[in-house]
Amino acid sequence: MPFEGYGGFAFSPVSVQRNAPSTPGVYGLSNAREWVFVGVADDIRATLLGHLQETNTTLKSRAPTGFTFEICHPSQRAARLSRLVIELAPVCNRGIV
């Protein structure tokens, strides 16, 4: 099942600061055409802000414009990540699961 509990937000520094929690969980990045990446983080906000700072990466080349997330216990993150990658097939996760 797709991300639960939270809607989509703009992938910008202001939106990440306002909407992303500083807690563990899984997150997804997308653009208008596709899911770009699904990942896990100890601190969702810090991780998303780090992605915004990246340059010359495959993730940045896909121009993500939105993000979403789920707060989940660290012991459940790997299993949730695997399910989301299988279901959503994000382009930057191909070959990981």
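The values are calculated or read from the model by the stated rules, or taken from the named source; none is laboratory data. Only a predicted model underlies this, so the values are computations on that prediction, with no experimental measurement involved. Cβ coordinates were reconstructed from backbone atoms using ideal geometry, including for glycine residues, and neighbour counts include every protein chain displayed. Calculation scope for accessible area: heavy atoms of the full protein, side chains included, ligands and nucleic acids excluded. Shrake-Rupley method; radii C 1.70, N 1.55, O 1.52, S 1.80 Å.
When the chain is treated as a Gaussian network with alpha carbon springs shorter than 10 Å, the biggest mean-square fluctuation among Gly39, Gly50, Gly25 belongs to Gly50. In angstrom, the C-alpha Rg and Dmax of the chain are 12.1, 33. Loop sites here are trypsin sites (Lys or Arg not before Pro) outside DSSP states H, G, I, E and B with no more than 14 other Cβ atoms within 10 Å. The longest part of the chain free of them is 34-93. Computed over the chain with a Gaussian network model linking Cα atoms closer than 10 Å, the most mobile of Ala32, Ala46, Ala78 is Ala32.
Summing Lys, Arg as +1 and Asp, Glu as -1, what charge do residues with Cβ under 15 Å from the Cβ of Leu88 carry, Leu88 excluded? Result for the neighbourhood of Leu88: +1.
Dipole orientation for the chain: of the candidates Ser30, Ser75, Ser61, Ser61 has the Cα lying most toward the positive pole (charges on Cβ; Lys, Arg +1; Asp, Glu -1). Along the stretch 34-44 the Karplus relation, 6.51 cos²θ - 1.76 cosθ + 1.60 evaluated at θ = phi - 60°, assigns HN-Hα couplings of 7, 6, 8, 7, 10, x, 10, 8, 6, 9, 4 Hz to successive residues, with x for each Gly and Pro. In this rough spin-label picture, where each label sits 7 Å from Cα along the Cβ direction, the Ser75-Arg18 distance is 3.7 nm. The stretch 43-57 and the stretch 62-97 have Cα centres lying 15 Å from one another. From the Cα gyration tensor of the stretch 1-46, with a ≥ b ≥ c the square roots of its eigenvalues, which class applies: rounded if a/c is under 1.5, or else prolate if a/b is larger than b/c, or else oblate? Oblate, because a/c is 1.5 or more while a/b does not exceed b/c. Helical content of the chain, expressed as a calculated mean residue ellipticity at 222 nm, amounts to -10500 deg cm²/dmol (DSSP H runs of 4 or more residues, -39,500 (n - 2.57) each, divided by residue number, nearest 500). Here the chain has 55 percent of its accessible surface on carbon and sulfur atoms, given a 1.4 Å probe and all protein chains in place. Average accessible surface for the chain: 54 Å² per residue, computed with a 1.4 Å probe over protein heavy atoms with every protein chain in place. The dipole here belongs to the stretch 13-97: it is taken about the Cα centre, uses +1 on the Cβ of Lys and Arg and -1 on the Cβ of Asp and Glu, and is about 120 debye.
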